[in-house]
Amino acid sequence: KVLTQRITRAGEIPAFSFVPPGVPGYQQQVLEFADWDQAALNQAAQALYAEAGFSEDNPLQIEILYNTSDNHKKIAIAIAAMWKQALGVETTLRNEEWKAYLASRDEKAFQVVRAGWIGDYNDANTFLELYVSDAGVMNDPGYASTAYDDLVKGAAVETDPATRGQMLQDAERIFLTDAPVIPIYFYTTQHMIKPWVEGWVNNIKDVHPSRFLSVGDH
């Protein structure tokens, strides 16, 4: 929430699920801490940090890789500052140009990497299929879960829509529990449309053919 309110500031939707809103017939599986206040979040994070064996005398040292972009840099700096303030994590930042960054991602040469994805079609599968164990370079964290694989691959051949939807929801719940990625926000688009423009209809693909647009009286 802080990143979208103070860093990106373009109406992005804070992400507490992996599959974005707007997918017909699909119920997002929301992280359990979505409604917690900051104090509760910090307390839980500090407990997990200590449980993992880290402390003020033994801080976690980690690196964030991101591709060149002022916005990506701002987000990485903000995350590093939050981790430092709340937990004591010592974070270094590594910036690479696009081709080098892609090579590092493909080779899994990172500890934490910034990434994004825009679905190819309006269905939960276009997000969840990225992380089946044999997805290759698309599976950035190298995530592998037999239970997850079985659900996503099973959904791909399931003909009953309700059963298929439930299988994908179960898969997303497993994915969020295992936490191979940290969702940050869902993209939005911004447009300035005069009130006399007619035929403009918001849609999830953000496609607005000019043949459907006209200028009304004004």
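Of all the criteria given as (1) modelled with pLDDT under 95; (2) in contact with a strand residue (DSSP E or B) (Cβ under 6 Å, 6 or more places away or on another chain); (3) among the aliphatic types (A, V, I, L, M), the one not satisfied by Leu65 is (1).
The listed residues are Ile204, Ile174, Ile193, and the only one of them that is of a type in the set (A, V, I, L, M, F, W, C), open to solvent by 50 Å² or more (accessible area, probe 1.4 Å) and closer than 30 Å to Ile79 by Cα turns out to be Ile204. Would you mention how many residues in the stretch 85-130 are part of a helix (DSSP H, G or I), open to solvent by less than 40 Å² (accessible area, probe 1.4 Å) and under 30 Å from Gly165 (Cα atoms)? The qualifying residues number 5.
Of the residues Ala162, Ala144, which single one is modelled with pLDDT of 95 or more and outside any loop (DSSP other than H, G, I, E, B)? Spell out the reasoning first.
Details: Ala144 fails: outside any loop (DSSP other than H, G, I, E, B).
None of the other options fit; the residue is Ala162.
Within the stretch 58-84, how many residues are within 28 Å of Gln46 (Cα to Cα), part of a strand (DSSP E or B) and not β-branched (Val, Ile, Thr)? Residues in the stretch 58-84 being within 28 Å of Gln46 (Cα to Cα), part of a strand (DSSP E or B) and not β-branched (Val, Ile, Thr): 4 in total.
The single condition among (1) farther than 24 Å from Glu12 by Cβ; (2) loosely packed, with under 15 Cβ neighbours inside 10 Å that Ile182 does not meet is (1). Entry remark, the stretch 106-128: residues being more than 21 Å from Thr8 (Cα to Cα) and touching a strand residue (DSSP E or B) at 6+ places or on another chain (Cβ under 6 Å) number 2 in total.
Scanning the stretch 178-216 for residues that are among the polar types (S, T, N, Q), more than 30 Å from Asn139 (Cβ to Cβ) and assigned to a loop (DSSP other than H, G, I, E, B) returns Gln190, Asn202. Among the criteria (1) open to solvent by less than 60 Å² (accessible area, probe 1.4 Å); (2) in a loop (DSSP other than H, G, I, E, B); (3) at pLDDT 95 or above, the one Asp134 does not fulfil is (1).
Taken as a whole, the structure places Leu168 among residues that are within 26 Å of Thr4 (Cβ to Cβ), assigned to a helix (DSSP H, G or I), modelled with pLDDT of 95 or more and more than 14 Å from the chain's Cα centre (by Cα). Kindly indicate whether any position in the stretch 173-190 is touching a residue at least 12 places away in the same chain (Cβ under 8 Å), of a type outside the set (A, V, I, L, M, F, W, C) and over 29 Å from Glu32 (Cβ atoms). Checking the stretch 173-190: at least one residue is touching a residue at least 12 places away in the same chain (Cβ under 8 Å), of a type outside the set (A, V, I, L, M, F, W, C) and over 29 Å from Glu32 (Cβ atoms).
The values are calculated or read from the model by the stated rules, or taken from the named source; none is laboratory data. Quick caveat, the model's predicted, so the values are computed rather than measured. Because the Cβ atoms are built from the backbone with ideal geometry, glycine has one as well, and the counts that use them run over all protein chains shown. Please note that ligands, DNA and RNA were not included when accessible areas were found on the heavy atoms of the full protein model with its side chains. Shrake-Rupley method; radii C 1.70, N 1.55, O 1.52, S 1.80 Å.
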